[in-house]
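Q: Take this structure first; my questions come after.
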Amino acid sequence: MEFAELIKTPRVDGVVLRRPFLPTVEGTLCLTGHHLILSSRQDNTEELWLLHANIDAIEKRFVGSLGTIIVKCKDLRVIQLDIPGMEECLNIASSIEVLSTLDSVSLMYPFFYRPMFQVIEDGWKSFLPEDAFKDLESMTEEWRLSDVNKDYSVCSSYPPLVAVPKDVDDDTLRKAAAFRHGGRFPVLSYYHKKNGMVMMRSGQPLTGTNGRRCKEDEKLINATLRAGKRGYIIDTRTVSVAQQAKARGGGFESEANYPQWRRIHKAIERSSILQESLIKLVEACNDQSHSMDRWLSKLEASNWQTHVKEILTTACLAAQCIDREGASVLVHGTEGTDSTLQVTSLAQIILDPACRTIQGFQALVEREWLQAGHPFQQRCSQSAYSNSKPRCEAPVFLLFLDCVWQILRQFPCSFQFSQHFLVLLFEHAYASQFGTFMGNSASERSKLNLSQKTVSLWSWVNRPQEVERLSNPLYEANCLVIWPSVAPQSLLLWEGVFLRWKRSSRCLDEAYDEMVHIIQYNKELQNKVNNLRRQLAQLETEEPLLQTP
């Protein structure tokens, strides 16, 4: 199929672009296979380049012969295009609708994108499991890297290499995989260097109504416990949901078969409820007409902040078990690809200072989301505006980023990156020129040969000028565990995402620039003070020599 067949009217002159807080632009609208482009002949006017993949929904309006298209984007932006001529408007609208909903993966933009920047570091090779395991080997000899899943036959959503206890062989892993949802047997997520405790993740056990058990599964998770120690299983479902899962062949670990483990249920909502929550939140943020009471009521009704609180609370519990209780932890829900990953990755942000650096956070996203099998293609195919009925869409990754922002806001000096990095990851998860977030698992990315056919987002992020742009000027390395407050008063609406297009950021930008200037000036003064101290010390050592007869 050729893109030209889908574009009824490739170009229209005299189109007016309207965006909040920016001057209107009149120019020529062009449609290509992947972009909606509006360029103006006016001097110093920014062009609009909008990926069709970033378009969530469109609305058409007509007044006489003038047509208007409201474009609602997955990054929550809303823009208006005034197009002269009803036929041209209808053609443009129908072309956008088709081009923004293409199902064929091979037609997606990352396969056509050619970078205009020099690729200094190949992001596809930046965070390999082998390299991460070398760090683990330097701390402990109790784990090994298994290639039991090298052909993705044991678990389709796991990577080819996984870290497992050294004393457990691959045959035991295969039998344990048959006892876990989707073959997701317990694997290492994090090793706590301070006390040697670990965090693992998996899918639910397939106990069913008959209380089926698996000795190999029991052996696998017991192999992570030290002598005389107990562990905690954190189940991200309510007790009733976990009980109901038995009727469908799922279930949970019984105390009789796992006597050394204590099970704790901390409910985190499933995907369909999260998607509805996002839609309600964005609707509230877009409604400029209501009173304070109405705004607060709509914000509360969305339940978004409640979800943030639930996820952060569970992550803090996991971190507390590891750091303060000195116990190992296994985290799972049903599939182990959504709420499980939110908890394991946030617990690492709390516990591990390396995850609060730009490189460390990329490694965390790669390890705990991309390699761990979060279905990005399914979850991020729609955002908050789409008119089609949600299928598998859910803002699971966005909620994780929101939770990270909450911690960053409470500990503004402990993160090497600013919120700009989190916003960038949100945008690229939903629509991108890079191949990083394509597919639903490492297996799918391997079949698509993305590392050869597309550019990695990390190749872009790790360029020196981009690292500088995403850096937090307040950063001071903090090697301590950080404990965020989850009190309702401590959790705020993430304005950098949800209100970004609703109000001008000029004042905030000016304040930020002034802060950077003050920090830079302070560094310069500190350097001058240090130089003067050195000179003074030198003079004091020379003075006795001068006084010697």
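The values are calculated or read from the model by the stated rules, or taken from the named source; none is laboratory data. Everything numeric here is computed off the predicted structure, so don't read it as measured data. Methodologically, a virtual Cβ is constructed for each residue, glycine included, from the backbone with ideal geometry; neighbour enumeration extends over all protein chains shown. The protein model used for the area step is the full one, side chains on, heavy atoms only, and it has no ligands, DNA or RNA in it. Shrake-Rupley method; radii C 1.70, N 1.55, O 1.52, S 1.80 Å.
Q: In this structure, does Ser414 turn out to be buried (at least 20 other Cβ atoms within 10 Å of the Cβ), modelled with pLDDT of 95 or more and more than 13 Å from the chain's Cα centre (by Cα)?
A: Working: buried (at least 20 other Cβ atoms within 10 Å of the Cβ): yes; modelled with pLDDT of 95 or more: yes; more than 13 Å from the chain's Cα centre (by Cα): yes.
So Ser414 fits the description; yes.
Q: Something else now. May I ask you to verify whether Val329 is assigned to a strand (DSSP E or B) and within 30 Å of Tyr191 (Cβ to Cβ)?
A: Answer is yes for this residue.
Q: Lys74 - would you say it is closer than 29 Å to Gly496 by Cβ, of a type in the set (Lys, Arg) and surrounded by 15 or more Cβ atoms within 10 Å (Cβ to Cβ)?
A: Details: closer than 29 Å to Gly496 by Cβ: yes; of a type in the set (Lys, Arg): yes; surrounded by 15 or more Cβ atoms within 10 Å (Cβ to Cβ): yes.
Criteria met by Lys74.
Q: Something else now. Within the group Glu121, Glu130, which residue is open to solvent by 40 Å² or more (accessible area, probe 1.4 Å) and assigned to a helix (DSSP H, G or I)? Spell out how you get there, then give the answer.
A: Numbers: Glu121 fails: assigned to a helix (DSSP H, G or I).
The match here is Glu130.
Q: Still on this model: Kindly evaluate Gly373 against the criterion of being under 14 Å from the mean Cα position of the chain (by Cα), open to solvent by less than 20 Å² (accessible area, probe 1.4 Å) and assigned by the TED database to the domain that holds Arg184. Explain how you work it out, then say what you get.
A: Numbers: under 14 Å from the mean Cα position of the chain (by Cα): yes; open to solvent by less than 20 Å² (accessible area, probe 1.4 Å): yes; assigned by the TED database to the domain that holds Arg184: yes.
Yes; evaluated as a whole, the condition is true for this residue.
Q: Something else: When the residues of segment 232-257 are filtered to those that are within 23 Å of Arg174 (Cβ to Cβ) and touching a strand residue (DSSP E or B) at 6+ places or on another chain (Cβ under 7 Å), which remaining residue is most open to solvent (accessible area, probe 1.4 Å)?
A: Phe252
Q: Exactly one condition in (1) in contact with a Phe, Trp or Tyr (Cβ under 8 Å, 6 or more places away or on another chain); (2) closer than 30 Å to Ile79 by Cα; (3) of a type in the set (Phe, Trp, Tyr) is false for Tyr475; which is it?
A: If we test Tyr475 against (1) in contact with a Phe, Trp or Tyr (Cβ under 8 Å, 6 or more places away or on another chain); (2) closer than 30 Å to Ile79 by Cα; (3) of a type in the set (Phe, Trp, Tyr), just (2) comes out false.
Q: While we're looking at this one, here's another question. Looking at Ser339, Ser388, Ser328, which is the one that is at pLDDT below 95 and in the same structural domain as Arg463 (by the TED database)?
A: From the options Ser339, Ser388, Ser328, the qualifying one is Ser388.
Q: Checking Trp295 against (1) free of Cβ contacts under 8 Å to residues at least 12 places away in the same chain; (2) over 28 Å from Pro484 (Cα atoms); (3) not in a loop (DSSP other than H, G, I, E, B), which test does it fail?
A: (2)
Q: Let me ask something additional. Evaluate segment 252-264: report whether one residue or more is of a type in the set (Ser, Thr, Tyr), outside any loop (DSSP other than H, G, I, E, B) and free of Cβ contacts under 8 Å to residues at least 60 places away in the same chain.
A: In the first step, residues of segment 252-264 are kept if they are of a type in the set (Ser, Thr, Tyr); the result is 254, 258.
When the remaining residues are screened for being outside any loop (DSSP other than H, G, I, E, B), the result is none.
Scanning segment 252-264 turns up no residue that is of a type in the set (Ser, Thr, Tyr), outside any loop (DSSP other than H, G, I, E, B) and free of Cβ contacts under 8 Å to residues at least 60 places away in the same chain.
Q: Open to solvent by less than 20 Å² (accessible area, probe 1.4 Å), more than 15 Å from Thr344 (Cα to Cα), at pLDDT below 95 and assigned by the TED database to the domain that holds Gln244, is that true of Thr224? If you could, list the steps in order and put the result at the bottom.
A: Values: open to solvent by less than 20 Å² (accessible area, probe 1.4 Å): yes; more than 15 Å from Thr344 (Cα to Cα): yes; at pLDDT below 95: yes; assigned by the TED database to the domain that holds Gln244: yes.
Spelling it out, Thr224 is indeed open to solvent by less than 20 Å² (accessible area, probe 1.4 Å), more than 15 Å from Thr344 (Cα to Cα), at pLDDT below 95 and assigned by the TED database to the domain that holds Gln244.
Q: Are any of the residues in segment 284-299 of a type in the set (D, E, K, R) and either modelled with pLDDT of 95 or more or open to solvent by less than 10 Å² (accessible area, probe 1.4 Å) (or both)?
A: No, segment 284-299 has no match at all.
Q: Continuing with this model, one more query. Select, from Leu525, Leu474, the only residue that is open to solvent by 40 Å² or more (accessible area, probe 1.4 Å) and assigned to a loop (DSSP other than H, G, I, E, B). Write out each step before concluding.
A: Numbers: Leu525 fails: assigned to a loop (DSSP other than H, G, I, E, B).
Going through Leu525, Leu474 in turn, the sole match is Leu474.
Q: Looking only at segment 164-190, how many residues end up being open to solvent by less than 30 Å² (accessible area, probe 1.4 Å), in contact with a helix residue (DSSP H, G or I) (Cβ under 6 Å, 6 or more places away or on another chain) and not β-branched (Val, Ile, Thr)?
A: Residues flagged as open to solvent by less than 30 Å² (accessible area, probe 1.4 Å), in contact with a helix residue (DSSP H, G or I) (Cβ under 6 Å, 6 or more places away or on another chain) and not β-branched (Val, Ile, Thr) within segment 164-190 amount to 8.
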